[in-house]
């Protein structure tokens, strides 16, 4: 417990420690880095380049023809069809939320790239002279 006492304008903090009478509080090696729980994270699985390429093709197909646009669930179903055909492995297919995040990120970068291209074209066509 921590008590804060104000006495004549001076703040004093009094800390009371309750000692647990147990001999098993600290075991040998408790402070070593390999025993810290923050370093024992699961490995993050990243999308393979093949999956990213397939998702890009699906995305660009939807961009070229708005009637063929797919959401994340439909893209995952398309990838699962590729698994059934033997092109991909089931463990490589990302979750729907991962695909949705990828769509958001890729769309943002795509729009930025298109905007930069249109600015470059606008600069090239505006010749003064």
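Brief remarks on what is shown
- Residue 73 satisfies every condition listed in (1) closer than 20 Å to residue 46 by Cβ; (2) touching a helix residue (DSSP H, G or I) at 6+ places or on another chain (Cβ under 8 Å); (3) surrounded by fewer than 16 Cβ atoms within 10 Å (Cβ to Cβ) except (1).
- Residue in the range 31-42 that is touching a helix residue (DSSP H, G or I) at 6+ places or on another chain (Cβ under 9 Å), in a helix (DSSP H, G or I) and at pLDDT below 65 present: yes
The values are calculated or read from the model by the stated rules, or taken from the named source; none is laboratory data. Please read all numbers here as calculations on a predicted model, not as lab measurements. A quick note on method: Cβ atoms are made from the backbone with ideal geometry, for glycine too, and the neighbour counts reach across all protein chains shown.
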